[in-house]
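All remarks here apply to the structure that follows.
None of the figures in this text is laboratory data; all of them are computed from the coordinates on show. Since the model is a prediction, treat every value here as computed from it, not as a measurement. Heads up, the Cβs are rebuilt from the backbone with ideal geometry, glycines too, and the neighbour counts pull from every protein chain shown.
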Amino acid sequence: MIRLNNISLDYDERHILKNVSLTVEKGTTSVILGSSGAGKSTILKVILGLTDIKSGEVFINGKSIYQINEKELLKVRRKIGIVFQGNALFDSLNVRENVSYFLAYENKLSEREINEKVKEMLSFVNLEDTQELYPDQLSGGMKKRIAIARALAAGPEIILFDEPTTGLDPINSKAILELINKLKSLGKTSIVVTHILNDAVFIADNMTVINEGEIVASGSVREILKSDNSFIQKFFYEIFLDNTLFKEN
Amino acid sequence: MILKMPIQNKLIKLYDFSMMIIETIRDFPTALKNRKDLLNEMYVIGTQSFWLVFFGGLFSGVILAIETGHNLEKFGATLLISRTISLGMVRELGPVITGILLAARTGAKNTSELGSMQLSEQVEALKAFGVSPIEKLVVPRVVAAVIMFLPLTFVADMAGIIGGMFITNTTFHVDLVYFWRTATDVLDYKDIFVGTIKPMFFAFFIAIISCYYGLTTKGGTTNLGKNAINSVVMSSLIVLTLDFIFTKVVWELL
């Protein structure tokens, strides 16, 4: 379980996050929805302990990650996988080496076991025949799926997705969202950051709407869609000018 | 406040840099764990810098021979050229030329590689997956530099002495055997020790400065370019400063 308690974070005297509190239950998919620059990606960095915070606490499976040393934090991070917005694949390594990177680094598995794991992960993302290709030989959608395979390879309990469908065509977007749903069926906990409402509705168990570093509303998809909060209504209205989705729900 | 900010920022950077040095030294033993990266870095430094260092050393020795030869010739002391070249190359020019050339070659490579990894979130990815960038990226580069700078300095020394020897022979008619014998006889343990220890310190600081500038790259490609320049400039200055410290302080202590 992940719990953020009153997180505040400033950068160059700008308030990036203001008293953000969030709870993500095990085995669920939580979506953090908001416009660009709202502080969504920063929340993922806070969960990983990658950025300093001004105040508050982050608990991962009951452990306060801002009160442990760097070595212990690295151990906590190994239970978390992340798919970056820009994928962050290692461009000097091929697909097989990218996917197996952290398995090989941990040095716990034999070469044969690592190869089998890579095959399994690539099969999960439907890219079995790409092992020898390099990131610059892959399309945007393929890179995203390889990034997912890499995030899953070390068997994390929690997976974080930063804008997983941004820049992808509708077919690739759907494939990625289906993969996220498939992870839920495997009992994984996911946190997805996005600004696309359709995506959020498709995958979310719970939704948190954020604006200018503050949480505007949090709850189930139905609760959020029915919310009478003026920001949420305006945000959704700008996405769906015909307001169809509100009427249907 | 306006005046204070740059100083505060500089102090913070100095603190971060000092912490990076401490962490790198602390993580030195992990170089064995990442031996594939270490060997790769050693190979890159060794093979790609060999000819650069060779010609740098060769021309330094040749120029030194011509310049000192013309002056010593006035006093009929051309037999002393070999001593000057040998001591000059081993104690000063060999390490400094190698240091400055490698500050440009290896320093720019490290900063641009790590800087582009930083900008494309690859460094964040390492941290996010529980891998220390110091352990994985910095230590192999620093250890590889410390190991490889010594043989490269030896290459520069030898190229300089041999180049100087041929110029001295053809221009000032000093016998090759005599040149070689006096060039080697004049060197004592102190000279060889200083000539050996210098490249190791130069290598350590060049590698760590270039890694620091790479890992602290922010913004975009313009800043990456600026950091690569700063890395080379700072590394070159450190080489010259350390050389002065070794010549003035360490030499007197020995």
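With respect to chain B, whose longest principal axis is taken over its alpha-carbon atoms, helix B:4-26 is tilted by about 80°. In the structure shown, the pairs A:Lys45/B:Lys127; A:Lys71/B:Lys127; A:Lys79/B:Lys13; A:Lys18/A:Lys75; A:Lys143/B:Lys136 are assessed against 20 Å; a Cα-Cα span above that value is assigned to A:Lys79/B:Lys13; A:Lys18/A:Lys75; A:Lys143/B:Lys136.
Among the trypsin sites (Lys or Arg not before Pro) within segment B:141-240, which fall in a DSSP loop and have no more than 14 other Cβ atoms within 10 Å of their own Cβ? Qualifying residues, ordered by number: B:Lys218. Among the lysines, which fall within straight-line cross-link reach of B:Lys10, defined as a Cα-Cα distance under 24 Å, with same-chain neighbours fewer than 8 residues apart omitted? Of all the lysines, those that pass the test against B:Lys10 - Cα under 24 Å, at least 8 places apart if same chain - are A:Lys54, B:Lys218, B:Lys226. Counts of other chain beta carbons within 10 angstrom of each beta carbon in peptide B:237-248 average 0.
Here segment B:60-131 and segment A:3-32 have alpha carbon centers that stand 50 Å from each other.
How would you rank A:24-32, A:48-56, A:148-156, highest first, on the average number of other Cβ atoms within 10 Å across their residues?
Highest mean packing first, the order is A:148-156, A:24-32, A:48-56.
Given a Förster distance of 30 Å, report the FRET efficiency between A:His15 and A:Asn107 from their Cβ-Cβ distance, rounded to the nearest 0.05. Rounded to the nearest 0.05, the efficiency is 0.10.
Under the convention that each Lys and Arg Cβ holds +1 and each Asp and Glu Cβ holds -1, the size of the dipole of the protein assembly as shown around its Cα centre is about 640 debye.
Straight-line cross-link reach from B:Lys33 at under 18 Å between alpha-carbon atoms covers these aspartates and glutamates, not counting any fewer than eight positions away in the same chain: A:Glu97, A:Glu106, A:Glu111, B:Glu23, B:Glu41, B:Glu135.
For segment B:79-183, the relative contact order comes to 52 percent (Cα pairs under 8 Å, sequence separation of at least 6). For segment A:107-145, applying the loop criterion from DSSP together with a ceiling of 14 other beta carbons within 10 Å to the GluC sites (Glu not before Pro) yields A:Glu132. Once both axes come from the Cα atoms, what is the angle between helix B:176-185 and the longest principal axis of chain B, in degrees from 0 to 90, rounded to 10? Approximately 60 degrees, to the nearest 10. Dipole size of segment A:1-127 about its Cα centre, with +1 on Lys/Arg Cβ and -1 on Asp/Glu Cβ: approximately 320 debye, rounded to the nearest 20. The angle between the Cα long axis of helix B:139-172 and the main principal axis of chain B comes to about 20°, on a 0 to 90 degree scale.
Here the label points at B:Arg26 and A:Ile68, each 7 Å from Cα along the C-beta direction, are separated by 1.7 nm in the simple model.
Computing FRET efficiency as 1/(1 + (r/R0)^6) for A:Glu132 and B:Lys218, where r is the C-beta to C-beta distance and R0 is 35 Å, gives about 0.55.
Averaged over its residues, how many other protein chain Cβ atoms are within 10 Å of peptide A:77-90's Cβ atoms?
Going residue by residue through A:77-90 and averaging, the value is 4.
Positive-end ranking of B:Thr84, B:Leu215, B:Asn227 along the dipole of the protein assembly as shown, with charges on Cβ about the Cα centre, is headed by B:Leu215. Return the whole-Å distance between the Cα centroid of segment B:207-247 and the Cα centroid of segment B:133-168. Between the Cα centre of segment B:207-247 and that of segment B:133-168, the gap is 18 Å.
Packing around the peptides B:112-118, B:34-40, taken as the average count of other Cβ atoms within 10 Å per residue, puts them in this order, highest first: B:112-118, B:34-40. Give, as ranges by residue number, the residues of segment A:91-115 whose backbone N falls under 11 Å from the point 7 Å along Cα→Cβ of A:Asn61. Once the point is set 7 Å along Cα→Cβ of A:Asn61, nothing inside segment A:91-115 turns out to lie under 11 Å by backbone N. The chymotrypsin sites (Phe, Trp or Tyr not before Pro) of segment B:15-117 that meet both conditions, a loop assignment by DSSP and at most 14 other Cβ atoms within 10 Å of the site Cβ, are B:Phe75.
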